[in-house]
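Everything below concerns the one structure shown next.
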Amino acid sequence: MSNQMFCFQCEQTAGCTGCTGQAGICGKKADTARLQDQLTGALVKLAHTAEKNWGMVTEATNRVVLDGLFSSVTNVNFNNETLTVLLNRVCAEDERVSASSEVREPNFNMEEVWQADEDVRSLKSLILFGIRGMAAYAYHAMALGYSDNEVNRFFYKALSAIGMKDWGMNELLPVVLEVGEINLKCMALLDQANTETYGAPVPTEVSMKAEKGPFIVISGHDLYDLKLLLEQTAGKGIQVYTHGEMLPAHGYPALHQYPHLKGNFGTAWQNQQNEFADLPAPILFTTNCLMPPKVSYSDRVFTTELVSYPGVTHIGEDKDFTPVIQKALALGGYAEDRQMTGINGGKTVTTGFGHDAVLSVAERVIDAVKTGAIKRFFLVGGCDGARPGRNYFTEFVKQTPKDTVVLTLACGKYRFNDLELGTIGGLPRLMDMGQCNDAYSAIRVAIALAEAFGCGVNELPLSMILSWYEQKAVCILLTLLHLGIQNIRLGPTLPAFLSPNVLEYLAQRYHIAPVTTPEEDLKAILGEKS
Ligand code: SF4
Ligand code: SF3
């Protein structure tokens, strides 16, 4: 087993069963996967220690738990060196927290989970992957000075559950659903952090034209890093372009105010190796999704926070972006303005339809539903990825009837966000609610509409068609289940970590179903009673 690995946490896992052997499909090598397992095992041990010595837990303990979980999210960290430093931090914290105990907790080996009975493995995986995603939300909120004791406390409970040797379905299932419940609080916290810091997003048209001259492309989800970069590049003749999940930043007033935040470059994460190949500019990754950089552009890639790749320049905690700025000036950018387009040839995209923006027109929306002008809402959202089956989401949106509204969020929207879908009653038919980190906005809107119509969310003329890839999608899904939302269609494939029994439970109780074809799914949905 020394050069072997096992990982099945994301949608592109090998053969839809699990990445094994020398490396995963994402490029994560076996030794890195094993280090992440060791790190997770150390976090489980720390959680057991913390549960028994709660008085010793400090902000530093909470921070190392978030760092450890977030670092193992797909496409964040490929670097054994930084993972080893993190592992040592977790062990040192465990030592400190346990200082007053006479008995030390035993080490925990993740092989115990991977080798467990398939239902136990499935439920523990749901818990682990769910809290990895939730840790990302808590981390971003913490960067802005926001944290929540109940959320922090739950990470230890969930990690402890993963280490329980004799727990079965009865004990683990409630913890799985609790991940969804606490994640709702965590997403609300991040929403509060973002909107209080940068203002509520407003609908904003974003150009896809790269202007001539030096520029920097910033990717990932961390708005705080973008803010710091905008401050440090102000007045230097450098333009800043968002990439991937950074696009919704344009909707926040406190970020939009910077005139050199010019537009958006490129599409979703899985196209980066092509889109960055000839880029005359540096790219800064603040979170996932980093792909192994090709030699053709690896000297232009910079990472910060928990993102790390061997040999790539990392911007540390001092947040001095000088190396990125110098690289931008040295490369010089394009000689002439360059019009980029989206996947479907569109030249602009619109973002910023957060809950405040949508609910500010709630009366018009409600009237339009009552008069029959709007027949149905679709939430077509989630992660993008490389599987060819993901064209489903483009085709689905293209085929939605003209009297329906498409709400979207996360990077899966690049499949269709440059399409011109027109308007209904003055409202755009396609509304981008933001990042995967903003799934809370969609939940707020759904709950507000249900209240306005005096019904439950399941009775609304609303269908959810979700695409997943990494672990934030797992915690969002668990939150939707916690809210009792049924009939979610999930694709392009179902998670490998759902055992047949767990899948059957989800299908029976929540009517989760895999996507089929856009035609069949639309026919089934539109035939449904609304
Ligand atoms: Fe495979 Fe996904 Fe794990 Fe990477 S993160 S090793 S692609 S399952
Ligand atoms: Fe995308 Fe990685 Fe999930 Fe944030 S950037 S949605 S996949």
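Data overview
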{"read-out": "3J(HN,Hα) from dihedral phi, region 282-288, Karplus parametrisation 6.51/-1.76/1.60, rounded to Hz, x for glycine, proline", "value": "x, 10, 10, 9, 9, 8, 4"}
{"read-out": "Region 118-205 - charge dipole about Cα centre, Lys and Arg +1 at Cβ, Asp and Glu -1, debye rounded to 20", "value": "300"}
{"read-out": "Rounded D (µm²/s) - the chain, Kirkwood Rh over Cα pairs, Stokes-Einstein at 20 °C, 1.002 mPa s", "value": "91"}
{"read-out": "Built amide H within the under 5 Å cut-off of ILE424, gap 5+", "value": "ARG429"}
{"read-out": "Long-range amide H partners of MET464 with built H, under 5 Å", "value": "LEU379, ARG489"}
{"read-out": "Extension gain, ARG96 back to GLU171 (0.36 nm per residue minus Cα-Cα distance, nm)", "value": "24.0 nm"}
{"read-out": "Lysines whose Cα lies under 28 Å from that of LYS165, excluding same-chain neighbours fewer than 8 positions away", "value": "LYS45, LYS52, LYS124, LYS157, LYS472"}
{"read-out": "Of LEU255, ALA42, GLY237, farthest towards positive along the dipole that unit charges on Lys, Arg, Asp, Glu beta carbons give the chain", "value": "GLY237"}
{"read-out": "Under 5 Å, built H, 5+ apart or other chain: amide partners of ILE216", "value": "GLN239, VAL240, TYR241"}
{"read-out": "For region 31-43, Karplus couplings with θ = phi - 60° (6.51, -1.76, 1.60), whole Hz, Gly/Pro x", "value": "5, 5, 4, 5, 5, 5, 5, 4, 4, 5, x, 5, 5"}
{"read-out": "Formal net charge of residues neighbouring LEU478 (Cβ-Cβ distance under 15 Å; K, R +1; D, E -1)", "value": "+3"}
{"read-out": "Summed residue charge, Cβ within 13 Å of LYS402's Cβ, Lys/Arg positive, Asp/Glu negative", "value": "+2"}
{"read-out": "Whole-number percent relative contact order across region 351-525, with pairs defined as alpha carbons under 8 Å at least 6 apart", "value": "25"}
{"read-out": "Mean Cβ neighbour count within 10 Å, used as a protection proxy, ranking 211-219, 311-319 highest first", "value": "211-219, 311-319"}
{"read-out": "For GLN192, net neighbour charge (Lys/Arg +1, Asp/Glu -1) across residues whose Cβ lies under 13 Å away", "value": "-3"}
{"read-out": "Value at 222 nm in deg cm²/dmol, rounded to 500, when DSSP H runs of n ≥ 4 in the chain each add -39,500 (n - 2.57)", "value": "-13500 deg cm²/dmol"}
{"read-out": "Simple Cβ-charge dipole of region 227-348, Lys/Arg +1 and Asp/Glu -1, about Cα centre, in debye nearest 20", "value": "220"}
{"read-out": "Listed peptides 366-375, 332-341 by packing density, highest first (mean Cβ within 10 Å)", "value": "366-375, 332-341"}
{"read-out": "Alpha-carbon centroids, region 311-346 and region 112-180: separation in whole Å", "value": "36"}
{"read-out": "Within the chain: Cβ-based charge dipole about Cα centre, in debye rounded to nearest 20 (Lys, Arg +1; Asp, Glu -1)", "value": "880"}
{"read-out": "Relative contact order for the chain, counting Cα pairs under 8 Å that sit 6 or more residues apart, in percent", "value": "17"}
{"read-out": "3J(HN,Hα) from dihedral phi, region 375-390, Karplus parametrisation 6.51/-1.76/1.60, rounded to Hz, x for glycine, proline", "value": "8, 6, 10, 10, 9, 10, x, x, 7, 9, x, 8, 4, x, x, 6"}
{"read-out": "Prolate/oblate/rounded call for region 205-261, Cα gyration tensor, a/c under 1.5 rounded", "value": "rounded"}
{"read-out": "Qualifying lysines (Cα of each under 18 Å from Cα of LYS29; at least 8 residues distant if same chain)", "value": "LYS294"}
{"read-out": "Length added when fully stretched, ALA513-LEU329, from 0.36 nm per residue minus Cα-Cα", "value": "61.2 nm"}
{"read-out": "Charge dipole (the chain, unit charges on Cβ, about Cα centre) - positive-most of MET56, ILE485, ALA513", "value": "ALA513"}
{"read-out": "Extended-chain gain in nm, criterion 0.36 nm per residue less alpha-carbon gap, LYS52 and ASP337", "value": "96.5 nm"}
{"read-out": "Too-long pairs where the Cα-Cα distance tops 18 Å, listed order kept, from LYS209/LYS319; LYS375/LYS402; LYS209/LYS262; LYS209/LYS236", "value": "LYS209/LYS319; LYS209/LYS236"}
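Each reported figure results from applying straightforward, stated rules to the coordinates on display, with no laboratory input. Since the structure is predicted, the reported quantities are computational estimates derived from the model, not experimental observations. So basically every Cβ, Gly included, is an ideal-geometry build from the backbone, and we count neighbours across all protein chains shown.
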